[in-house]
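Please treat every number below as a calculation from the coordinates, not as lab data. Owing to the predicted nature of the structure, the values given are computational and were not obtained by experimental measurement. Note that each Cβ is placed from the backbone with ideal geometry, even for glycine, and that neighbours are counted across all protein chains shown.
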Amino acid sequence: MDFLKELGIEEKNFGSSTGLDWVTTTDAGELNIYSPVDGKFIASVYLASKDDYDKIVEKSQEAFKYWRTVPAPKRGEIVRQIGLELRKYKEPLGSLVSYEMGKSHQEGLGEVQEMIDICDFAVGQSRQLYGFTMQSERPQHRMYDQYHPLGIVGIITAFNFPVAVWAWNAMLATVAGDANLWKPSSKVPLSAIAVQKIIANVIKENNLPEGLFSLVVGKGSSVGEKLLNDERIPLVSITGSIDIGRHAAQTVAKRFGKTILELGGNNAIIMTPEADLKMAIPAIVFGAVGTAGQRCTTTRRLIVHEDIYDKVKNSLIDAYSKLKIGNPLDENNHVGPLTDKAAVALFKDALKRLEKEGGKVLFGGEVLEGEGYESGCYVRPALCEAENHYEIVQEETFAPILYLIKYKGDVKNAIELHNNVVQGLSSAIFTNNLREAEMFLSAEGSDCGIANVNIGTSGAEIGGAFGGEKHTGGGRESGSDAWKAYMRRQTNTINYGTTLPLAQGIKFDI
């Protein structure tokens, strides 16, 4: 395929790099990558060994010592150039993301656009790493806080967003003065290798040190565990399941490291009797079936008032029947494949568990076969009736399953159902009632990190901090003041007088 050649992806690829140099180890294992689109072999990747990892981290340490001395606006200039380079490769990189992961071509292109957007955001942020001046209680004293670079940031990304989540972290960390070490999902390493080769142009042209942008493709049981336990890496940003996040958080905390956790979501939309159905239905369907239900912000629960329940249900069945499922590189299709057959098995198992608990599949749920579906990874998105307390509804199934849940009474009852899960990432309400909307956004409303009115749960913009509460992890990436997580905070006090008054009025005369 032309886009593989354009991105420098060969039949066999080295998976680890310090920027320009690629580690040439070939005896630590080799990954064969197959596309969920057609089941065909794409390329293979040689894994990094533990020794390779240590050498890469040593390079990153040296790079950080230099990079922390570079003024933040100069660091922003490098990020600006990365954004320009990504613009040149948006089409081939978006195609690779789509082909390797399985999301639609439009979403693959959108993911690269997110990378470009966060570069633009981070460039501006490089001149806004503000501290604050406070009033000292002591005369002739000035007190303020400031932020310094933190060190090496370890970035562990998941398969569903092969490149964008790296950029959310790496571009902010770069302007903050940190070095970056990226461990991508072993399911989609080719996209990460392509990004590393794209940014190599910027590294070379600016004579940047090896180790500022590093990549390590390796086994979680070896290289991944070394990263989590590595005292040289003060911050680890992890996107993944709740179980993975729990293990990572506990491991990093033992060494008093910091984590940014972006874990599971069990996102719901509330529809009140005053919802605009023409606006809501497309948002619900995209939220539920976009990326074949494999977004952390995917809409998984739809909480609908009993007065409009049947109307909403029938509208959704009609919309689902019109979905085109097939090769995601064909932009006429709405839904591509799940990422692998293991995901298909989880999809099937979830529907069995739903019916066992008393739920009902209203539409879809089949694994598709025949021409165009040879990979065995295509399914028809499932629309189901359920109750919020079902065990399967309480879990996050990374697949296109939407649970319709009925509520009675006022919006407070819907909010109670909405919040009654352990996850707390994204949420939405559709209503034209100002009181209902404001209630949803109030302290007694949604308990999620993201709460929307009259838009869906999926498709966050990079300008706002992204993340959730409860078992979602509590971390924040991307916009707003998320840059603070990538820096260390320091309080400074300067005495410009000729005496030494102590705080709290303490007297100490000698």
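What shape does the stretch 185-287 have by the C-alpha gyration tensor, where a ≥ b ≥ c are the square roots of the eigenvalues, rounded means a/c under 1.5, and otherwise prolate means a/b greater than b/c and oblate the rest?
Numbers: a/c = 2.80, a/b = 1.57, b/c = 1.78.
Cα axes put the stretch 185-287 in the oblate bin.
The length gained on full extension between LYS254 and GLU91, counted as 0.36 nm times the residue separation minus their Cα-Cα distance, comes to 54.4 nm.
With a ≥ b ≥ c taken as the square roots of the eigenvalues of the C-alpha gyration tensor of the stretch 286-361, please select rounded if a/c is under 1.5 and otherwise prolate if a/b is larger than b/c or oblate if it is not? Cα axes put the stretch 286-361 in the oblate bin.
Could you tell me which trypsin sites (Lys or Arg not before Pro) in the stretch 450-510 are loop residues by DSSP with no more than 11 other beta carbons within 10 angstrom of their beta carbon? Those that pass, being in a loop and sparsely packed, are LYS507. A Förster distance of 30 Å, applied to the separation of the beta-carbon atoms of HIS148 and ALA443, puts the FRET efficiency at 0.30.
Sparsely packed loop sites in the stretch 69-130 (the trypsin sites (Lys or Arg not before Pro) outside DSSP H, G, I, E and B with at most 14 other Cβ atoms within 10 Å) comprise ARG127. Model label sites at LYS484 and GLU416, defined 7 Å from Cα along the beta-carbon direction, differ in position by 3.5 nm.
Let a ≥ b ≥ c be the square roots of the eigenvalues of the Cα gyration tensor of the stretch 1-94; is it rounded (a/c under 1.5), or, if not, prolate (a/b larger than b/c) or oblate? Verdict is oblate for the stretch 1-94.
Estimated from helices alone, the mean residue ellipticity of the chain at 222 nm is -11500 deg cm²/dmol (sum of -39500 (n - 2.57) over DSSP H runs with n ≥ 4, per residue). By the rule of a C-alpha distance below 24 Å, with chain neighbours fewer than 8 residues away ignored, the lysines paired with LYS65 are LYS50, LYS55, LYS74, LYS183, LYS197, LYS204, LYS226, LYS258, LYS484.
Can you figure out the FRET efficiency of LYS40 with ASP243, using R₀ = 51 Å and their beta-carbon distance, to the nearest 0.05?
Working: r = 31 Å, r/R0 = 0.61.
Given R0 = 51 Å and the Cβ-Cβ separation, E is 0.95.
Subtracting the Cα-Cα distance from 0.36 nm times the residue separation, let me have the gained length for THR498 to ILE510 in nm, one decimal. Before the final figure, lay out the partial values.
Working: separation 12, 0.36 × 12 = 4.32 nm, distance 1.65 nm.
Gain on extension, THR498 to ILE510, equals 2.7 nm.
Here the simple spin-label model places points 7 Å from the Cα toward Cβ, and for THR133 and GLU369 these points are separated by 7.5 nm.
Taking a straight Cα-Cα cut-off under 17 Å and skipping sequence neighbours fewer than 8 places away in the same chain, the aspartates and glutamates within cross-link reach of LYS507 are GLU137. Taking θ as phi - 60° and the Karplus parameters 6.51, -1.76 and 1.60, the scalar couplings of the stretch 433-438 work out to 8, 4, 5, 5, 4, 5 Hz in sequence order, x denoting glycine and proline.
Can you pull the one-decimal nm distance between simple spin-label points at ASP330 and ARG68, each 7 Å off the Cα toward Cβ? Distance between the two pseudo-spin positions: 5.5 nm. Residue by residue, the stretch 356-373 carries 3J(HN,Hα) couplings of 5, 7, x, x, 9, 8, 7, 7, x, x, 8, 8, 8, 10, x, 4, x, 10 Hz when phi is fed to the Karplus relation 6.51 cos²θ - 1.76 cosθ + 1.60 (θ = phi - 60°); x denotes Gly or Pro. Value of Rg to Rh for the chain, rounded to two decimals, is 1.01; Kirkwood radius and Rg both from alpha-carbon coordinates.
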